[in-house]
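Colleague: This structure is in structure tokens; I'll ask about it shortly.
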Amino acid sequence: MRMPEQGFEMVEVFERMQEIRAADADWREGKTFGYVYDAGPDVEEVAKRAYMMFLSENALDPTVYPSLLKFEVDIVSMARDHLHGDAQVTGNFTSGGTESCMLAVKTARDHARAHRPDIGQPEMVMPVTAHAAFYKAAHYFGVKPVVVPVDRDTFRANPRAMQDAITPNTVLLVASAVSYAHGVMDPIADIGRIALKSGVLFHVDGCIGAFLLPYFRRFGADIPHFDFRVPGVTSISMDLHKYAYCPKGASLLLYRNKEIRFHQIFTCSEWTGYTVINHTFQSSKSGGPVAAAWAVMNYLGDEGYTRLARQVYDATLEVRRGIEAIDDLHVLGTPEMSLLAVASDSVNVFHVIDEMKSRGWYLQPQLRTGDCPENFHLSINPSNAPVIGALLEDLGACTAAARKLDAGGVDHELLKVLSGLSVEMLTPETVTSMLETVGVKGGRVPERMAAINGILNALPPPVANRLLTVFMNEMFHPAE
Ligand SMILES: *Cc1c(COP(=O)(O)O)cnc(C)c1O
């Protein structure tokens, strides 16, 4: 595409955009699990109006737009209350869960630099189920990830193993409430005790769970404390763009106190321009996300969130019962919330995903890791509630259909070749031609993904990472 010599009429621009979005997942039908956390048209309208109202305002300098500062502080205050923090607890609004988790790691590293300057190579101890954002933080900030296996039945972090992994270089422990992959809560209180005893910071990743769990607890679910009531917890991340139904670009990172948060802030008065004081990664940033989050939280209130949480709670029970009634499928672990990982001993789950996609449903594939088998993931949200019956019916039919397809679905020749190669041998050219043999070309994937998922599933992670990196490099490249 070239920039048009002369701009188009406004209507034409929007017509083009409608055409371009034709292949997008239609989340309004309730057939997408995850990606969009939909609480209905009224909440969407509130979010859009507030977002547009502050779209152009810049949160770069809070003294220029005190409204944006107020929104952020109000939201942090509501969140602190939600997570039972005292008056010392503080925090910031970030662009998403990844930013919140990464900032927590950066803060821990810099806190250690200030308080334990003897540490050369900082380390963080985390269960293998910790979100990819922590692996990303490790990569970006030079913190060594010390990854510990989880219990093979419950998929919960193992406190003993975490304790044993602590060294004089440990600067942070990480656990999830709840984990994304299996929706299970790590033993936060036990890990908190270890953190206190060892004198290291402890981040609880509540990106997906922290907002919703307190509601599930009120409905009678057996949910242990995971928040600031737990001694040893020093920071918590909580996404608002998941179960608080705010538009994307909305998460929080809360700290036990300002002394810890101090190490998050970056200031630069060295350069020739305006003085930069950034509490998060972004510098110039739209006021839209923070304004919309403030609006949605004030619009829904505790009553609105209780009503929505109830829908999710009931829908999750229904999905769980339904899946357990399908002979070939089972739910992994004992999920506490509304996230389910579904595996099978008898059918290829990647075929199930493809079959479901042909009927308009989007389920997320999760690859095999260690003791955890490949599975598909559902994050249930209110818009799914009315279609659970249809979901279960199609899931039954699609599982039966998948049973008839060849179990592996993998190109064994290709797999053999790939497994025999080292990462260094996988040059972009080699990978590109190999991917073409399974229908991946020019950054486009085929309609049915089972063959590709099967290959990724069977490869060692460094090799799979290489393949995916080459693929991404192709995908975001303009055609000639
Ligand atoms: C979603 C999620 C993240 C990452 O959040 P993004 O908003 O996608 O960047 C981190 N941790 C957990 C547990 C999550 O569910």
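Colleague: Could you grab me the full set of residues in segment 199-210 that are in contact with a strand residue (DSSP E or B) (Cβ under 8 Å, 6 or more places away or on another chain), assigned to a loop (DSSP other than H, G, I, E, B) and either free of Cβ contacts under 8 Å to residues at least 40 places away in the same chain or surrounded by fewer than 24 Cβ atoms within 10 Å (Cβ to Cβ) (or both)?
Modeller: Taking segment 199-210 and keeping what is in contact with a strand residue (DSSP E or B) (Cβ under 8 Å, 6 or more places away or on another chain), we get 200-210.
So of that shortlist, the ones also assigned to a loop (DSSP other than H, G, I, E, B) come out as 200, 206-210.
If the condition is that a residue be in contact with a strand residue (DSSP E or B) (Cβ under 8 Å, 6 or more places away or on another chain), assigned to a loop (DSSP other than H, G, I, E, B) and either free of Cβ contacts under 8 Å to residues at least 40 places away in the same chain or surrounded by fewer than 24 Cβ atoms within 10 Å (Cβ to Cβ) (or both), then VAL200 is the only one that fits.
Colleague: Would you check if there is a residue in segment 260-278 being touching a residue at least 24 places away in the same chain (Cβ under 8 Å) and within 16 Å of the ligand (Cβ to nearest atom)?
Modeller: No: segment 260-278 contains no residue that is touching a residue at least 24 places away in the same chain (Cβ under 8 Å) and within 16 Å of the ligand (Cβ to nearest atom).
Colleague: I'm told GLU99 meets every condition in (1) closer than 24 Å to LYS136 by Cβ; (2) away from the ligand (no atom under 16 Å from the Cβ) except one. Can you identify the failing condition by its number?
Modeller: (2)
Colleague: Going through SER251, SER269 one at a time, which residue ends up being among the polar types (S, T, N, Q) and in contact with a strand residue (DSSP E or B) (Cβ under 7 Å, 6 or more places away or on another chain)?
Modeller: On the way: SER269 fails: in contact with a strand residue (DSSP E or B) (Cβ under 7 Å, 6 or more places away or on another chain).
After ruling out the rest, the residue left standing is SER251.
Colleague: Here is a follow-up. For segment 331-353, what are the residues that are open to solvent by 10 Å² or more (accessible area, probe 1.4 Å) and over 20 Å from VAL312 (Cα atoms)?
Modeller: Selection gives SER344, ASP345, SER346, VAL347, ASN348, HIS351, ILE353.
Colleague: Just for segment 369-410: of the residues that are open to solvent by 60 Å² or more (accessible area, probe 1.4 Å) and either modelled with pLDDT of 95 or more or in a helix (DSSP H, G or I) (or both), which one is farthest from LYS242 (Cα to Cα)? So that I can check it myself, show each step before the final result.
Modeller: Filtering segment 369-410 down to residues open to solvent by 60 Å² or more (accessible area, probe 1.4 Å) leaves 369-371, 386, 393, 403-407.
Add one more test, that the residue is either modelled with pLDDT of 95 or more or in a helix (DSSP H, G or I) (or both), and what stays is 386, 393, 403-404.
On the way: PRO386: 19, GLU393: 27, ARG403: 34, LYS404: 36 Å.
My answer is LYS404.
Colleague: So, one more: Please go through segment 1-30 and give me each residue that is touching a residue at least 60 places away in the same chain (Cβ under 8 Å) and either open to solvent by less than 100 Å² (accessible area, probe 1.4 Å) or part of a helix (DSSP H, G or I) (or both), ordered by number.
Modeller: Residues of segment 1-30 touching a residue at least 60 places away in the same chain (Cβ under 8 Å): 1, 25-30.
Correct list: ALA25, ASP26, TRP27, ARG28, GLU29, GLY30.
Colleague: Among residues belonging to segment 100-133 that are small (Gly, Ala, Ser), within 21 Å of ILE188 (Cα to Cα) and assigned to a helix (DSSP H, G or I), point out the one that is most open to solvent (accessible area, probe 1.4 Å).
Modeller: First, the residues of segment 100-133 that are small (Gly, Ala, Ser): 100, 104, 108, 112, 114, 120, 130, 132-133.
Narrowing further to those that are within 21 Å of ILE188 (Cα to Cα): 100, 104, 108, 130, 132-133.
If we keep only those that are assigned to a helix (DSSP H, G or I) too, we end up with 100, 104, 108, 132-133.
Working: SER100: 0, ALA104: 4, ALA108: 2, ALA132: 65, ALA133: 4 Å².
Once the filter is applied, the top-ranked residue is ALA132.
Colleague: Kindly list, by first and then second residue, each pair from a residue in segment 242-258 that is more than 14 Å from the ligand (Cβ to nearest atom) to a residue that is open to solvent by 10 Å² or more (accessible area, probe 1.4 Å) and of a type in the set (A, V, I, L, M), limited to pairs with Cβ atoms under 9 Å and residues at least 6 apart or on different chains.
Modeller: Filtered contacts from segment 242-258: LEU254/VAL76; ARG256/LEU201.
Colleague: So which residues in segment 143-181 are at pLDDT below 95 and within 16 Å of the ligand (Cβ to nearest atom), if there are any at all?
Modeller: Passing the criteria: none in range.
Colleague: Can you go through ILE194, ILE223, ILE236 and tell me which one is modelled with pLDDT of 95 or more, surrounded by 24 or more Cβ atoms within 10 Å (Cβ to Cβ) and either more than 15 Å from the ligand (Cβ to nearest atom) or among the aliphatic types (A, V, I, L, M) (or both)? Break it down into steps so the answer makes sense when it comes.
Modeller: Numbers: ILE194 fails: surrounded by 24 or more Cβ atoms within 10 Å (Cβ to Cβ); ILE223 fails: surrounded by 24 or more Cβ atoms within 10 Å (Cβ to Cβ).
Unique residue meeting the criteria: ILE236.
Colleague: Can you tell me which residues in segment 151-170 are part of a strand (DSSP E or B) and within 19 Å of the chain's Cα centre (by Cα)? Can you show your working first?
Modeller: Of the residues in segment 151-170, the ones part of a strand (DSSP E or B) are 157, 170.
Within segment 151-170, ALA157 is the sole residue that qualifies.
Colleague: Just checking, how many residues over segment 146-181 are of a type in the set (D, E, K, R) and either in contact with a helix residue (DSSP H, G or I) (Cβ under 9 Å, 6 or more places away or on another chain) or within 17 Å of ARG193 (Cα to Cα) (or both)?
Modeller: Residues of segment 146-181 that are of a type in the set (D, E, K, R), as a first pass: 151-153, 156, 160, 164.
Now narrow it down to the ones that are either in contact with a helix residue (DSSP H, G or I) (Cβ under 9 Å, 6 or more places away or on another chain) or within 17 Å of ARG193 (Cα to Cα) (or both): 156, 160, 164.
Selection size over segment 146-181: 3.
Colleague: A follow-up question, please. How many residues are closer than 18 Å to ALA108 by Cα, open to solvent by 70 Å² or more (accessible area, probe 1.4 Å) and either assigned to a helix (DSSP H, G or I) or in contact (Cβ under 8 Å) with a residue 40 or more places away in the chain (or both) if we restrict to segment 134-150? Before the answer, list the steps.
Modeller: Keep residues of segment 134-150 that are closer than 18 Å to ALA108 by Cα, which gives 134-147.
If we keep only those that are open to solvent by 70 Å² or more (accessible area, probe 1.4 Å) as well, we get 135-136, 139-140, 144.
Next, only the ones that are either assigned to a helix (DSSP H, G or I) or in contact (Cβ under 8 Å) with a residue 40 or more places away in the chain (or both) stay: 135-136, 139-140.
Number of matching residues: 4.
Colleague: In addition: Considering segment 84-95 alone, what residues qualify as being in contact (Cβ under 8 Å) with a residue 12 or more places away in the chain, surrounded by fewer than 24 Cβ atoms within 10 Å (Cβ to Cβ) and on the phi < 0 side of the Ramachandran plot? Walk me through it before giving the result.
Modeller: Step one: list which residues in segment 84-95 are in contact (Cβ under 8 Å) with a residue 12 or more places away in the chain, which gives 84-86, 88-95.
Checking the rest, the ones that are also surrounded by fewer than 24 Cβ atoms within 10 Å (Cβ to Cβ) come to 84-86, 88-90, 92, 95.
Hits for segment 84-95 are GLY85, ASP86, GLN88, VAL89, THR90, ASN92, SER95.
Colleague: Within segment 106-118, is even one residue within 16 Å of the ligand (Cβ to nearest atom), charged (D, E, K, R) and within 25 Å of LEU252 (Cβ to Cβ)?
Modeller: Yes, segment 106-118 has at least one match.
The values are calculated or read from the model by the stated rules, or taken from the named source; none is laboratory data. Note that the structure is predicted; figures quoted are calculated from it, not measured. Glycine gets a Cβ as well: all are built from the backbone with ideal geometry, and neighbour counts include every protein chain shown. The accessibility values were calculated without ligands, DNA or RNA, using every heavy atom of the protein model including side chains. Shrake-Rupley method; radii C 1.70, N 1.55, O 1.52, S 1.80 Å.
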